[in-house]
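Below is one structure, written out as structure tokens; comments come after it.
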């Protein structure tokens, strides 16, 4: 794949993970607020001793979903920084997106119906999501380690030279100094 062919794919990957990340953060922070309200209003369906498994499952869904949302954002920034394209990037992307749905989704579904203190069948999605997360993180770590080191660039080295930066390097020329002083009439004196 040439550089020109990789650019649209890279852009789609960045957009997909930024959107998935921010939407997951929004969704699971909202879930956290709802859980706080259930706790604040002392809703028995959520707080009773027999429902401790539900409370744990939904708390885990909130925490994992928020974390995976942030990981999607970090993944997009990593892909952009490395200009990482190719097969391993596509596999890591798909695995991370699957984990973002399966891991918190399994916890949430497992907490909807509780069987004698045990989570529901939705909990079976959690190990699959965990494997997807492990695969995505491993592939990303390998890509980072395989990227050649570049000479660090100072932020000021990237700035174009401007009149302001030239002025600060030394004393101003004589004509510029005179122009800056206005007489009593408000006009600049002649040079």
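Every number in this text was worked out from the coordinates using simple rules, so none of it is lab data. Everything numeric here is computed off the predicted structure, so don't read it as measured data. FYI the Cβ positions are ideal-geometry reconstructions off the backbone, even for glycines, and counts take in every protein chain you see.
What spacing in nm lies between the two simple spin-label points modelled at residue 56 and residue 7, each 7 Å away from Cα in the Cβ direction?
So the label points at residue 56 and residue 7 sit 5.3 nm apart.
In whole angstrom, how long is each semi-axis of the equivalent ellipsoid of the stretch 42-159, when you take the square root of 5 times every eigenvalue of its Cα gyration tensor and sort them from largest down?
Semi-axis lengths for the stretch 42-159 are 39, 16, 9 Å.
What FRET efficiency would be calculated for the residue pair residue 94, residue 150, taking the C-beta separation as r and a Förster radius of 22 Å, to the nearest 0.05?
Calculated transfer efficiency: 0.20.
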